[in-house]
Amino acid sequence: MKRLNLTERLGLISYRNQSKSDIKPHIRVETDICNSVCPHKCTTYVCPANCYTMDEEGKVHFQVEDCIECGTCMYACDQGAVTWEFPDPEIGRGITWNYG
Amino acid sequence: MDEKFDCIIVGAGVAGLTAAMILARNNMKFLLIEKGEFPGSKNVSGGVIWGEDLSRLVPEYWHETDGGWDRYINHRRLTFIDEQSSFSIDFKSDHFNTPPYAGIVVLRSKFDRWLAGKVEEAIAESDFAMDSFIATNILVEEILMEKDKAVGIRTGDEKFYADSIILAEGVNNLLTRQAGLQNDYVPADHILTGVKEIIRYDQNVLEDRFQLNGLSGMSNEYVGFATRGVEGGGFLYTNRDTISIGLVLGLKDLRKKGLKPHDILSDFKAHPVIKDTIRGGEVVEYSAHVVSSGDKRIMPKKLYKDGLLVCGEAANLLMNAGKAIQGMDYAMRSGILAAESAIKARDAGDFSSHIMKGYQDALNNSYVMQDINNFQDAVHLLHNPVMYQKMPNLINHFGRNFFTIRNEPTKKAHAMFRESVSEHASWMDLIKIGIKGARSL
Ligand SMILES: Cc1cc2nc3c(=O)[nH]c(=O)nc-3n(C[C@H](O)[C@H](O)[C@H](O)COP(=O)(O)OP(=O)(O)OC[C@H]3O[C@@H](n4cnc5c(N)ncnc54)[C@H](O)[C@@H]3O)c2cc1C
Ligand code: SF4
Ligand code: SF4
């Protein structure tokens, strides 16, 4: 079986309000904390949808669009940088599983 | 809808739908609120529902072969894997072929939706056919409190009031935390991240591949190299024409080891043994969700307050001691018990902690808390590196020697075993694990 990369995997997911360009983010990350005191920057690898990324300079960035609401970062970040909520059904993103 | 409800349930997962079914049957006027587009649309499980409680909710559900469930389990396998090999304990029995089934495989987007349909039917037959509702697409943002008693919920600018509130919001239990029953920040220590794929086959191919007959199904759990040395394990379950394959990974260990869950899943699927098992299918969904470990240390101490009850995985009710994950059956049983307490409270006209405490007592007396209490050692054992790393290596080393027939004198099995032990562990490890294992099981 072909090894799928994450982009191919995320391509299989039905996101809500996908046509809306201006969604309300349900997770806020204080990247100042990421980029100053965080010793592990673990969300950049434990997030199963790769919403947390690191650039060439080692700086952490967050974007919510691909988030699959799994909850991982809410527990994994022990630095208090993550404010986690569920997406708003009308103006948020989030998922609708076809199988689940 | 400005009148007060007898009860508001937050979350239409297994726990919330179960509670709703019991409320409807007992003529309670209730509101079940779900943030997803439809019940199940936000939910992920492995998914085997173990035990027989479903037949209490939907009697003789097994006649509905096109209902919400996919297959019943009559074939179970526990597999230890190292880098190249697998060693399985395999059990299949006719005994499991007759309903009520011992386990059924489900896909939540389909199962929860089906169960919600059954709840709608029960509402229609209740005294509150026009006044009880399942409302979807609504996110509950706040539990309304008055003098430390839960009195209602808020969504956006709208408020709804009820005599009692049942929180069935699942493991990411923001409202349970808001109500002060769990800390705002729950650390990664006893939380796992589950990643999963659904792979589709031609149904005949699937049935031949896994030796299925009619609607029979197989469940396979994996311990060892499946997780690339991260604590946790793997699973493979057969659905109608798809399989569910995935991993649950200890989040603290994942953080420490610097690995990506989706990479570990790819490696698991490429393992020589797994690769042959899943050959030829088409991946149709990738999903992820956190899941509790079954370790009591994470559980909220108190599952009630004045006017409030917490059930299902919102209370971290879960068992994972290697041979199965039990979250949905615990969600069902705790949903039943929470609903029964809400009904008792209505009958008594008393919604204080005094009555609500009866729920936690009932839960403590049920198999759910008895198993959680009795199998804590087994839960810890599964998260012991000897168990998820050394043991699978040792067992496979032994298997390789035992099943190799050479044209030379064959060693006795105990000598082979000694060799495997010295190669992959120590007698001390074994003695310690043996003692712990004997005590924990
Ligand atoms: C990878 C994986 C494999 C698993 N395998 C198994 C298995 O094989 N067998 C098993 O028994 N268990 C398994 N589990 C565990 C099982 O899935 C859970 O224990 C179970 O789903 C818990 O049910 P619940 O009803 O308590 O919560 P959930 O199923 O999570 O339902 C909670 C519901 O509440 C809704 N909700 C939450 N907050 C709000 C809000 N504020 N407003 C409105 N709605 C809200 C959610 O949208 C959701 O529908 C597995 C879990 C994972 C992640
Ligand atoms: S763990 Fe927290 S602080 Fe560290 S990079 Fe991730 S979000 Fe930022
Ligand atoms: S909830 Fe899950 S998918 Fe979403 S950002 Fe956090 S870790 Fe990533």
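The values are calculated or read from the model by the stated rules, or taken from the named source; none is laboratory data. Bear in mind that the values here come from a model prediction, so they are computed numbers and not experimental data. We place every Cβ from the backbone using ideal geometry, glycine too, and count neighbours over all the protein chains shown. Side chains are part of the model used for accessible areas, which takes the heavy atoms of the whole protein and leaves out ligands, DNA and RNA. Shrake-Rupley method; radii C 1.70, N 1.55, O 1.52, S 1.80 Å.
Which residue out of A:Val37, A:Val29, A:Val64 is more than 16 Å from ligand 1 (Cβ to nearest atom), away from every other protein chain (no Cβ under 12 Å) and closer than 21 Å to B:Gly194 by Cα? Step through it out loud before you land on a result.
Working: A:Val37 fails: closer than 21 Å to B:Gly194 by Cα; A:Val29 fails: closer than 21 Å to B:Gly194 by Cα.
Being more than 16 Å from ligand 1 (Cβ to nearest atom), away from every other protein chain (no Cβ under 12 Å) and closer than 21 Å to B:Gly194 by Cα holds for just one of A:Val37, A:Val29, A:Val64, which is A:Val64.
Of all the residues that make up the stretch B:275-298, how many are under 23 Å from A:Ile68 (Cα atoms) and over 22 Å from the mean Cα position of the chain (by Cα)? So that I can check it myself, show each step before the final result.
Quick first cut of the stretch B:275-298, residues under 23 Å from A:Ile68 (Cα atoms) only: B:282-293.
Going one step further and asking which of them are over 22 Å from the mean Cα position of the chain (by Cα), we end up with B:282-283.
Number satisfying all stated conditions: 2.
Residues checked against (1) open to solvent by 10 Å² or more (accessible area, probe 1.4 Å); (2) in contact (Cβ under 8 Å) with a residue 40 or more places away in the chain:
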position	(1), (2)
B:Asp202	yes, no
B:Gly217	no, yes
B:Phe225	yes, yes
B:Ile245	no, yes
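Quick one: in the stretch B:113-160, of everything that is of a type in the set (A, V, I, L, M, F, W, C), more than 28 Å from A:Asn98 (Cβ to Cβ) and in contact with a Phe, Trp or Tyr (Cβ under 9 Å, 6 or more places away or on another chain), which residue is farthest from the other protein chains (Cβ to nearest Cβ)?
B:Phe128
Please find, within the stretch A:13-48, the residue that is farthest from ligand 2 (Cβ to nearest atom) out of those that are out of contact with any Ser or Thr (no Cβ under 9 Å at 6 or more places or on another chain) and aliphatic (A, V, I, L, M).
Within the stretch A:13-48, the subset out of contact with any Ser or Thr (no Cβ under 9 Å at 6 or more places or on another chain) is A:17-26, A:31-33, A:35-42, A:45.
Filter again for aliphatic (A, V, I, L, M), leaving A:23, A:33, A:37.
Values: A:Ile23: 20, A:Ile33: 5, A:Val37: 7 Å.
Selected residue: A:Ile23.
Does the stretch A:81-92 contain any residue that is surrounded by 21 or more Cβ atoms within 10 Å (Cβ to Cβ), within 11 Å of another protein chain (Cβ to nearest Cβ), aliphatic (A, V, I, L, M) and more than 15 Å from ligand 1 (Cβ to nearest atom)?
Checked against the condition, which is being surrounded by 21 or more Cβ atoms within 10 Å (Cβ to Cβ), within 11 Å of another protein chain (Cβ to nearest Cβ), aliphatic (A, V, I, L, M) and more than 15 Å from ligand 1 (Cβ to nearest atom), the stretch A:81-92 yields at least one hit.
Anything in the stretch A:55-80 that is open to solvent by 10 Å² or more (accessible area, probe 1.4 Å) and more than 8 Å from ligand 3 (Cβ to nearest atom)? List them, or say none.
A:Asp55, A:Glu56, A:Glu57, A:Gly58, A:Lys59, A:His61, A:Gln63, A:Glu65, A:Cys77, A:Asp78, A:Gln79, A:Gly80
Looking at B:Gly437, is it small (Gly, Ala, Ser), surrounded by 14 or more Cβ atoms within 10 Å (Cβ to Cβ) and closer than 18 Å to B:Phe80 by Cβ? Explain how you work it out, then say what you get.
Details: small (Gly, Ala, Ser): yes; surrounded by 14 or more Cβ atoms within 10 Å (Cβ to Cβ): yes; closer than 18 Å to B:Phe80 by Cβ: yes.
So B:Gly437 fits the description; yes.
Are any residues in the stretch B:281-309 open to solvent by 10 Å² or more (accessible area, probe 1.4 Å), within 13 Å of chain A (Cβ to nearest Cβ) and either more than 24 Å from B:Ser109 (Cβ to Cβ) or in contact with an Asp or Glu (Cβ under 7 Å, 6 or more places away or on another chain) (or both), and if so, which ones?
Within the stretch B:281-309, B:Val283, B:Ile298 meet the criteria.
Okay, residues lined up against (1) in contact with a Cys (Cβ under 7 Å, 6 or more places away or on another chain); (2) loosely packed, with under 14 Cβ neighbours inside 10 Å; (3) not assigned by TED's automatic domain parsing to the domain that holds B:Val10:
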site: B:Asp347; (1), (2), (3): no, yes, no
site: B:Gln389; (1), (2), (3): no, no, yes
site: B:Phe402; (1), (2), (3): no, no, yes
site: B:Glu408; (1), (2), (3): no, yes, yes
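For the stretch A:29-57, give me each residue that is aliphatic (A, V, I, L, M) and within 14 Å of the chain's Cα centre (by Cα).
From the stretch A:29-57, those aliphatic (A, V, I, L, M) are A:29, A:33, A:37, A:46, A:49, A:54; that's our starting set.
Correct list: A:Val29, A:Val46, A:Ala49, A:Met54.
Output yes when any residue across the stretch B:124-146 is assigned by TED's automatic domain parsing to the domain that holds B:Asp329, crowded, with 20+ Cβ neighbours inside 10 Å and in a strand (DSSP E or B), and no when none is.
Yes, the conditions are met somewhere in the stretch B:124-146.
Would it be correct to say that A:Arg9 is facing chain B (nearest Cβ under 9 Å), within 16 Å of ligand 1 (Cβ to nearest atom) and without any contact (Cβ under 8 Å) to a residue 40 or more places away in the chain? Full working, then the answer.
On the way: facing chain B (nearest Cβ under 9 Å): yes; within 16 Å of ligand 1 (Cβ to nearest atom): yes; without any contact (Cβ under 8 Å) to a residue 40 or more places away in the chain: yes.
Answer is yes for this residue.
Answer yes or no as to whether B:Gly229 is surrounded by fewer than 22 Cβ atoms within 10 Å (Cβ to Cβ), out of contact with any Ser or Thr (no Cβ under 9 Å at 6 or more places or on another chain) and at positive phi. Write out each step before concluding.
Values: surrounded by fewer than 22 Cβ atoms within 10 Å (Cβ to Cβ): yes; out of contact with any Ser or Thr (no Cβ under 9 Å at 6 or more places or on another chain): yes; at positive phi: yes.
Criteria met by B:Gly229.
Would you mind finding the one in B:Asp329, B:Asp267, B:Asp253 that is within 16 Å of ligand 2 (Cβ to nearest atom) and either of a type outside the set (Lys, Arg) or in a loop (DSSP other than H, G, I, E, B) (or both)?
Working: B:Asp329 fails: within 16 Å of ligand 2 (Cβ to nearest atom); B:Asp267 fails: within 16 Å of ligand 2 (Cβ to nearest atom).
One residue alone meets the criteria, B:Asp253.
Can you report the number of residues in the stretch A:42-54 which are open to solvent by 40 Å² or more (accessible area, probe 1.4 Å) and either near ligand 3 (Cβ under 10 Å from one of its atoms) or within 11 Å of chain B (Cβ to nearest Cβ) (or both)? Steps first, answer last, please.
Restricting attention to the stretch A:42-54, the residues satisfying the condition of being open to solvent by 40 Å² or more (accessible area, probe 1.4 Å) are A:50, A:53-54.
Those still in the list that are either near ligand 3 (Cβ under 10 Å from one of its atoms) or within 11 Å of chain B (Cβ to nearest Cβ) (or both) too: A:50.
Looking only at that region, the number is 1.
Search the stretch B:111-130 for residues that are closer than 12 Å to B:Asn26 by Cα and pair each with any residue that is open to solvent by 70 Å² or more (accessible area, probe 1.4 Å) and of a type in the set (D, E, K, R) when their beta-carbon atoms are under 9 Å apart and the residues are at least 6 apart or on different chains.
B:Ala122/B:Arg25; B:Glu125/B:Arg25; B:Ser126/B:Arg25
Name the pairs whose Cβ atoms lie under 6 Å apart, with the first residue in the stretch B:31-58 and in the same structural domain as B:Ala342 (by TED's automatic domain parsing), the second part of a loop (DSSP other than H, G, I, E, B) and β-branched (Val, Ile, Thr), and 6 or more positions between them or separate chains?
Final answer for the pair search is B:Ile33/B:Ile138; B:Ile33/B:Val140; B:Glu34/B:Thr136; B:Glu37/A:Thr96; B:Phe38/B:Thr136; B:Ser41/A:Thr96.
Just give me the residues in the stretch B:161-181 being open to solvent by less than 20 Å² (accessible area, probe 1.4 Å) and either of a type outside the set (Ser, Thr, Tyr) or over 26 Å from B:Gly250 (Cα atoms) (or both), in sequence order. It would help to see each step written out before you state the result.
Step one: list which residues in the stretch B:161-181 are open to solvent by less than 20 Å² (accessible area, probe 1.4 Å), which gives B:162, B:164-168, B:171-173, B:175-177, B:179.
Once the filter is applied, which keeps residues that are open to solvent by less than 20 Å² (accessible area, probe 1.4 Å) and either of a type outside the set (Ser, Thr, Tyr) or over 26 Å from B:Gly250 (Cα atoms) (or both), the stretch B:161-181 yields B:Ala162, B:Ser164, B:Ile165, B:Ile166, B:Leu167, B:Ala168, B:Val171, B:Asn172, B:Asn173, B:Leu175, B:Arg177, B:Ala179.
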